[in-house]
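Colleague: Supplied in structure tokens, the structure appears directly below.
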Amino acid sequence: MHPTAASIEIDIIKIANFFIVNKIDYTLLKIIDFGASVLKKDDGKISFRFGTPYYIAPEVLQESYNEKCDVWSIGVLLFILLCGKPPFWGESDKEILEKVRGNNIDWREEEWKNISPEGQAFVKELSTVKPSNRPSPGEALQNKWFKKYLYKHPVQKEQVQDFYNNICTFKIDPLLFFQQATLAYMIHHLTKKEDIIEIKHFYNWIDNNGDGKMEYKELNDGFKQFIDINEKEVTKIFKYIDQAHTGCIEYEEFIRACINKHKLLSAENLQKCFCLFIRSNSYESVTIDVDRFKSLLGLSSKFTDKQWISIIKSIDKNNSIIGFSVIFFLKLIM
């Protein structure tokens, strides 16, 4: 995920909040502890102070900042990774914050002598005190030094063909939005990392600017590197995947489209999903009433009462309760 591209100020970027997901792919990191993150306001400014002294940006101390505060924090993170020490040091939080305010960065030549001039310049760009002169997250991703060492996992032609075949079967009724939400729920709770790792590699391969938002040209160029496909087909699959109609494809949308549906929708997974819904280890003779069904996926306000009656009727002829069956979940998902 690329939170800053989605207009979110994270404000909790620090080494302790990153972890390696598994031993299969050491390039797969996750950031945790989003409790302090906030959506960006219309004016792009936030007016309360929060953060860890070592990583907090100067403008956060002034209680007026935007997403570029995260760029500063990433600069601090990179500083530590490259030289092994934080850019600010003090005996107390107060002393550290005073150095942050004064931009008193501890540049020691002996600790940076083995780091390339380009790498040092990149850290200094990210550590620019004035936010207006500091690069945006998107601009930072395009830095030559950063892109030079950006690793992209190799992708196999046979895998891309499989992804394309899966996408072509990804036909969801746009009126039944909860189908996508349920599929996302199953992917989040029931898939293993190795089930989606190759899809992740392909997404990263064709997301050229690394912004987490795949545009039509990126999708078109990406597929054509591996398989014979025409413009009409690309346009069709782009529309299939871009269910939110944003004009771009986000990572989770791509996962939902490319994943092997037959494997995901196994009888075992369907049973597990229903048990997660009802919060019980047994699914036999259990039903979900309409109100519970509406709230399961957080979509109660998505449709009018009349629309909900139509949706429920299409699944449960009694219009009141829904019991478990594989047929029900196949209707719900596909």
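Colleague: For a 23 Å ceiling on Cα separation, which of these pairs sit above it: Lys147/Lys261; Lys30/Lys68; Lys14/Lys68; Lys192/Lys272?
Modeller: Over 23 Å apart, Cα to Cα: Lys147/Lys261.
Colleague: Let me ask you something else. Under 1.5 on a/c is rounded, so check that first for region 97-243, then, if it is not, pick prolate when a/b is larger than b/c and oblate when it is not; a ≥ b ≥ c are the square roots of the alpha carbon gyration tensor eigenvalues. Provide the component values of the computation, followed by the final result.
Modeller: Details: a/c = 2.57, a/b = 2.08, b/c = 1.23.
Since a/c reaches 1.5 and a/b is larger than b/c, the shape of region 97-243 is classed as prolate.
Colleague: Set the Förster distance to 41 Å, then compute FRET efficiency between Asn17 and Gln307 from the Cβ-Cβ distance, nearest 0.05.
Modeller: Once rounded, the FRET efficiency stands at 0.50.
Colleague: What is the Cα coordinate range of region 157-264 on the first, second and third principal axes, sorted by size from largest, in whole angstrom?
Modeller: Rounded to whole Å, the extents work out to 32, 31, 26 Å.
Colleague: How far apart, in nanometres, would the label points at Glu233 and Lys147 be if each is projected 7 angstrom from Cα along the Cα-to-Cβ direction?
Modeller: Between Glu233 and Lys147, the simple spin-label model gives 2.9 nm.
Colleague: Mind checking the full-extension length gain between Lys130 and Ser266? Use 0.36 nm per residue of separation minus the Cα-Cα distance, one decimal, nm.
Modeller: This chain segment gains 43.6 nm when fully extended.
Colleague: Relative contact order for region 157-264 using alpha-carbon pairs under 8 Å, separation at least 6, rounded to a whole percent?
Modeller: 42 percent
Colleague: Let me ask you something else. Under a point spin-label approximation (7 Å from Cα along Cα-to-Cβ), what is the Asn209-Thr169 distance to one decimal in nm?
Modeller: About 3.5 nm separates the two model spin labels.
Colleague: Go ahead and run the numbers for FRET between Tyr216 and Gln120, Cβ-Cβ distance against an R0 of 30 Å, rounding to 0.05.
Modeller: About 0.20, to the nearest 0.05.
Colleague: Something else now. For the pair Ile187 and Arg279, what calculated FRET efficiency results from E = 1/(1 + (r/R0)^6), where r is the Cβ-Cβ distance and R0 = 30 Å, to the nearest 0.05? Don't skip to the answer; put the middle values down first.
Modeller: On the way: r = 20 Å, r/R0 = 0.65.
Using R0 = 30 Å, I get an efficiency of 0.95.
Colleague: Could you line up Trp72, Trp112, Trp89 from fewest to most neighbouring Cβ atoms inside 10 Å?
Modeller: Listed from fewest to most nearby Cβ atoms, that is Trp89, Trp112, Trp72.
Colleague: Specify whether the C-alpha gyration tensor of region 40-161 places it in the rounded, prolate or oblate class, a ≥ b ≥ c being the square roots of the eigenvalues: rounded for a/c under 1.5, otherwise prolate if a/b is larger than b/c and oblate if not. Before the final figure, lay out each step's value.
Modeller: Working: a/c = 2.33, a/b = 1.35, b/c = 1.73.
Oblate is the answer for region 40-161, as a/c is 1.5 or above yet b/c matches or exceeds a/b.
Colleague: By average Cβ neighbour count within 10 Å, what is the ranking of 57-69, 215-227, 146-158 from highest down?
Modeller: By packing density, highest mean first, the sequence is 57-69, 215-227, 146-158.
Quick note: the coordinates plus some simple rules give every number you see, no bench work behind them. Everything numeric here is computed off the predicted structure, so don't read it as measured data. Positions of Cβ are generated from backbone atoms using ideal geometry, with glycine treated the same way; all protein chains shown enter the neighbour counts.
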